[in-house]
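Visitor: Dropping a structure here in structure tokens format, bear with me for questions.
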Amino acid sequence: MKTRRLFFALWPPDSVRQSIIKASKPSMHKLKGRIIKPDRLHITLHFIGPVNDDVRQCMHEAALTVSGKSFDLKLDYLGQFFRARILWLGARVIPVELSELHKDLGQALSACGYQCDRRPFSPHITLMRKCIKPVKHQPEISIPWRIEKFVLVESVQDETGVSYQVLEKYSLK
Ligand code: ATP
Ligand code: MG
């Protein structure tokens, strides 16, 4: 049976994508690495991996049962995962609605065989990969993002690399 590589994510509107690029460009130019294209910027809520259509349907129905609240996220911190060689943009303050959404979605998905990552949730937008140099100066960044939905995304691999396709949207109250 065919499988799709899936993940649940927060998906910024174009205006937020543009703000992210503009604000992080000066820092990124000083670092070596692979810059992530604007249309691929996102926050992963839960990475599912390859699943068949039955599991996908189960997860879709599970996601529909999640009743999260809309919230504001302020993107204001440039961080790095040194071992993974990732430069990311995140938030100093994680709204309780985001933590709850992550927890509730993970619990709902467990009915479909999903096992939540044991590591604590650290929401971030990957900006650069293969980034080894440390960021020397924390830039002044403050990007407001009103989050009113989460999405189910398919990560499609072809000859040109990976592309993301939003399969479903789930609105928050
Ligand atoms: P590539 O792996 O080719 O660099 P990608 O990481 O953007 O591309 P995917 O591997 O499909 O594409 O990952 C989709 C999203 O899920 C990304 O945000 C990625 O960081 C995250 N992700 C991938 N694998 C895992 C994993 N094992 N655990 C947690 N998150 C993951
Ligand atoms: Mg990957």
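Derivation of every value follows stated rules applied to the coordinates shown; laboratory data play no part. Owing to the predicted nature of the structure, the values given are computational and were not obtained by experimental measurement. Methodologically, a virtual Cβ is constructed for each residue, glycine included, from the backbone with ideal geometry; neighbour enumeration extends over all protein chains shown.
Visitor: To the nearest 0.05, what FRET efficiency results for THR3 and TYR77 with a Förster distance of 30 Å applied to their C-beta separation?
Guide: Details: r = 35 Å, r/R0 = 1.18.
About 0.25, to the nearest 0.05.
Visitor: Checking a compactness column here: for the range 1-50, what do you get for Rg(Cα) / (2.2 N^0.38 Å), N being the number of residues?
Guide: 1.45
Visitor: Using every Cα-Cα pair within the chain, state what percent have a distance larger than 21 Å.
Guide: Counting pairs separated by more than 21 Å, the tail of P(r) holds 50 percent.
Visitor: Is any residue of the range 150-173 close enough, with backbone N under 19 Å, to a label point placed 7 angstrom from the Cα of THR65 along the Cα-Cβ axis, and if so, which?
Guide: The answer is 150-152, 169-173, whose backbone nitrogens lie closer than 19 Å to the label point.
Visitor: Right, next: How high is the relative contact order of the range 34-173, in percent, counting Cα pairs under 8 Å that sit 6 or more residues apart?
Guide: Relative contact order for the range 34-173 comes out at 33 percent.
Visitor: Here is a further query. To the nearest 10 degrees, how steep is helix 14-29 against the longest Cα principal axis of the chain, on a 0 to 90 scale?
Guide: 40
Visitor: Run the numbers for GLN18 and ASP158: contour at 0.36 nm per residue of separation, minus the present Cα-Cα distance, in nm.
Guide: 47.8 nm
Visitor: While we're here: Quick one: helix 96-109 against the long Cα principal axis of the chain, what's the angle to the nearest 10°, folded into 0 to 90?
Guide: Between helix and principal axis, roughly 40 degrees.
Visitor: Find the cysteines in the chain that fail to meet the 4.7 Å Cβ criterion with every other cysteine, and list them.
Guide: CYS116, CYS131
Visitor: Once both axes come from the Cα atoms, what is the angle between helix 53-64 and the longest principal axis of the chain, in degrees from 0 to 90, rounded to 10?
Guide: Tilt of helix 53-64: around 80 degrees.
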